[in-house]
Ligand code: CMC
């Protein structure tokens, strides 16, 4: 089988694919940043063959105008805006608006949007009872997924309520997350305070107690705002693709986002931020020998990975990790926190980036490598790290779901497979087996 791209007059570019001696002309699609794809949609009808790409490493599952990544150059842009500029100048809610509605809000749009969010931060009082049912050691990501799925029982969806439910979900997710934390440590729930920012309100719900005054430190609020922005979208990652997959069946918003939360919980995806801190802690407990750990992580038989390293798309550096490495230094300094795991992380990075195993495989620190250290400095407990990622990623999931729903050509997602099981055989009754 051979393929070659050619240019024709009628169609600026087509790709020719030869299978079993027969040529197939396939349309070529080019995105606004020059990314090129061969459109294979009609190939199966024409040839009977499917394209094969387990893990979807080279499959464009959709067109999207939300986020652009150039993994070789370390570029990440939301709706055309470089992540570095948004990280410097925007609030997380502005970024949420940008991702979901496609433009930065003007002053009026901002007032309407942020006002609506504060209107919906409370969860139904009956939902508080749900928290009583979970065992005290339950992982907060499991609680988050279940609570979000349960929202559909309170806010059923029709065509008119989709946008309102988006607002409700953005407003309620931090409340649910903070309540699950309060439940896990046996403290009373702290209700939302609408005069605070999105990040500030979350911190207050997490850390305020009835017996003392809690004031959100501006450095903490700023750092959380930054973390949420950096996590807000990352095009067709595992959880977002899950959201698109589930959403393509027209499941309701809450069920769809709950599936995204579940996908995010895995250690190879959002769960990596918790695993990174646990890895750094275990290296510290074992005497701080990061060289030994790096050696282990190169041995495929050991089943050990350098968590927070490697990325399917970034093959040079992850721009989010670059921002967070600097931020980790700044935040720890501003808060007067000394965290030995930051030195271990930097040592690990240095060793790995000089090691041919990591260099040849283009493995660099990803967003999760330094985020946990910052979360910890902010007082967020380790098992809440992935929940923080989910709060950050929510606007991205919602933006992709909305984009998909707004596109009238969307079909239910349904990949094909190559069957490798037994060929047809006769059933043998139990009595004869
Ligand atoms: N430590 C040691 N070896 C690694 C690592 C690592 N962290 N990551 C990849 N490799 C090796 C892998 O064993 C393979 O080696 P070989 O070619 O000899 O078989 C090679 O590098 C290519 O890796 P891959 O598993 O084919 O890459 P992938 O694109 O399928 O997986 C990844 C990407 C992020 C799942 C993987 O790099 C990984 O497991 N990293 C650790 C977990 C992690 O930090 N995840 C967070 C990702 S960023 C945030 C997010 O999106 O959620």
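Does residue 411 fit the bill of being under 30 Å from residue 165 (Cα atoms), in contact (Cβ under 8 Å) with a residue 24 or more places away in the chain and either within 16 Å of the ligand (Cβ to nearest atom) or not assigned by TED's automatic domain parsing to the domain that holds residue 204 (or both)? Against the criterion (under 30 Å from residue 165 (Cα atoms), in contact (Cβ under 8 Å) with a residue 24 or more places away in the chain and either within 16 Å of the ligand (Cβ to nearest atom) or not assigned by TED's automatic domain parsing to the domain that holds residue 204 (or both)), residue 411 qualifies.
Evaluation of residue 163 against the conditions (1) assigned to a helix (DSSP H, G or I); (2) touching a residue at least 12 places away in the same chain (Cβ under 8 Å) shows that the sole unmet condition is (2). Among the numbered conditions (1) within 15 Å of the ligand (Cβ to nearest atom); (2) assigned to a loop (DSSP other than H, G, I, E, B), the only one that residue 288 does not meet is (1). On inspection, residue 318 qualifies as surrounded by 14 or more Cβ atoms within 10 Å (Cβ to Cβ), outside the structural domain of residue 219 (by TED's automatic domain parsing), within 13 Å of the ligand (Cβ to nearest atom) and under 30 Å from residue 59 (Cα atoms). Scanning segment 365-389 for residues that are within 10 Å of the ligand (Cβ to nearest atom) and surrounded by fewer than 24 Cβ atoms within 10 Å (Cβ to Cβ) yields nothing.
Among the residues of segment 292-315, those identified as surrounded by fewer than 20 Cβ atoms within 10 Å (Cβ to Cβ) and in contact with a helix residue (DSSP H, G or I) (Cβ under 6 Å, 6 or more places away or on another chain) are 296, 298, 302, 304, 305. Every condition in (1) more than 16 Å from the ligand (Cβ to nearest atom); (2) not in a loop (DSSP other than H, G, I, E, B) is met by residue 69 except one, and the failing one is (1). If you go through segment 43-57 and pick out every residue that is surrounded by 12 or more Cβ atoms within 10 Å (Cβ to Cβ) and in contact (Cβ under 8 Å) with a residue 12 or more places away in the chain, you end up with 7.
Of 394, 401, all but one fail to be closer than 30 Å to residue 214 by Cα, touching a helix residue (DSSP H, G or I) at 6+ places or on another chain (Cβ under 7 Å) and outside any loop (DSSP other than H, G, I, E, B); the exception is 394. For residue 354, state whether it is more than 18 Å from residue 385 (Cβ to Cβ) and modelled with pLDDT under 90. Here the answer is no, as residue 354 does not meet what is asked. When the criteria are applied in full, residue 244 meets the requirement of being part of a helix (DSSP H, G or I) and touching a residue at least 12 places away in the same chain (Cβ under 8 Å). Every test in (1) in contact with a helix residue (DSSP H, G or I) (Cβ under 8 Å, 6 or more places away or on another chain); (2) away from the ligand (no atom under 16 Å from the Cβ); (3) under 26 Å from residue 379 (Cβ atoms) is passed by residue 277 save one, and that test is (2). If you go through segment 247-272 and keep only what is within 13 Å of the ligand (Cβ to nearest atom) and in a loop (DSSP other than H, G, I, E, B), you end up with 265, 266, 267, 268, 269, 270, 271.
The values are calculated or read from the model by the stated rules, or taken from the named source; none is laboratory data. Quick caveat: nothing in here was measured; it's all calculated off a predicted structure. Counting neighbours? That spans all protein chains shown, and the Cβs are built from the backbone with ideal geometry, glycine included.
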